[in-house]
1. Build a GNM of the chain with springs between Cα atoms under 10 Å: which of 246, 218, 350 gets the top mean-square fluctuation?
2. Mean separation of Cα pairs under 8 Å and 6+ residues apart, divided by the residue count of the stretch 184-290: what relative contact order is that in percent?
3. Calculate, for residue 57 and residue 27, the FRET efficiency according to 1/(1 + (r/R0)^6) with r their C-beta to C-beta distance and R0 51 Å; round to the nearest 0.05.
4. Could you give the length gained on full extension between residue 308 and residue 225, defined as 0.36 nm per residue of separation minus the Cα-Cα distance, in nm?
5. Most fluctuating residue of 351, 207, 196 in a GNM of the chain with Cα springs under 10 Å: which is it?
6. With each run of n ≥ 4 DSSP H residues scored as -39500 (n - 2.57), what mean residue ellipticity at 222 nm is computed for the chain after dividing by its residue count and rounding to the nearest 500 deg cm²/dmol?
7. Just grab the label-to-label distance for residue 73 and residue 379, each label 7 Å out from Cα along the Cβ direction, in nm (one decimal).
8. State, as an integer percentage, the relative contact order of the stretch 46-421 based on alpha-carbon contacts under 8 Å between residues 6 or more apart.
Ligand SMILES: *[C@@H]1O[C@H](CO)[C@@H](O)[C@H](O)[C@H]1NC(C)=O
Ligand SMILES: *[C@@H]1O[C@H](CO)[C@@H](O)[C@H](O)[C@H]1NC(C)=O
């Protein structure tokens, strides 16, 4: 018995110090400045070792990527990339390689832009990355490379204010929810207005924190006066009619930041609020101290309910995501499904699901697939609304961005946009077999 004592003592002290460290960590997070540093993690940046002005380092062909600066509505300068699709690159390789530049003063004067503009089949994917790091951090280039394999499909992606080489000139000199929404709105405005690219051939793609930015941005272009958006100091007139994008694709989304923090684990290891489940009052108190709420689910519900605003929304989540639980995507889908089924006449939902062992005959490669659509979308008509949820088995939180499922979702969205109204449209679901 006596021999166990030191071990018990040791484990007691280990537990006590872990508890103490956790308590200090939580107390620190009450401070909004520290909290935002933890949430956005914009200072965690491997840009020191990598050179984002040299996209070849990240696996792109010479001149395939044009780095450029984009000025936001409130005067921040965002560092962005324009990535050319490989079919366009191959056709014009000579000219592109010769005129490759490490930074375009004006994107509209580049070969890449000229090629985007003159091709009436050009499509643009606007990518909103997750928290921490820079434009080409971790698995991010894998997304850009996989999308560049889709014919006629260009990609625009930027670092938010304070991330990578983007500036942080405006008070409070830290990324905030309103600040990142201004970035999102400015990037989309740039594509639609400065680049004069139609929304019907533009897809918004977000991952993790980027799903929250994407959703808020899409809501601004549908209902700029929505009470779910912060008041934005945007000098240009907001859109007067809803802007229907080809599709919105959200990878690893979460309903709201407070909900996420109930289960979130930093890097899949350090929990935030989940250890406090037994202490609801403490947990509620800490939740009330969350500075930015990012209410994605209410914003998606608002998008779904907006009149005269077609919506093609895809949610994609890996079952083995250790950071954000895939059930959070399911809960978003449940809410949207219920809303569409109760609100739209003739709305239909369908699902298919594999078991862990597989072996079933399914129509989709997804591990689990659910879809809900109104009668208009089911007919393939313009103006319809559809929401789909795809759970894939692998890919975790980050690696998934470069997976085939993302490229397939983008291709499906553009294919549906192209054949809209026509027959023979691809109709996934449970309606056969
Ligand atoms: C980054 O790459 C660009 C383009 O190749 C080059 O001009 C620049 O000198 C590089 N910067 C550093 C710090 O290596
Ligand atoms: C892009 O913006 C950054 C931040 O303001 C600035 O340091 C850089 O000089 C700009 N690059 C060009 C080519 O304008």
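Quick note: the coordinates plus some simple rules give every number you see, no bench work behind them. A quick note: this is a predicted structure, and the numbers were derived from the prediction, not measured. FYI the Cβ positions are ideal-geometry reconstructions off the backbone, even for glycines, and counts take in every protein chain you see.
1. 350
2. 26 percent
3. Between residue 57 and residue 27 the formula returns 0.80.
4. Stretched out fully, the residue 308 to residue 225 stretch lengthens by 28.3 nm.
5. Comparing 351, 207, 196 in a Gaussian network model of the chain, the most mobile one is 196.
6. For the chain, the value works out to -10500 deg cm²/dmol.
7. The answer from the label model is 3.5 nm.
8. With pairs under 8 Å counted, the relative contact order is 15 percent.
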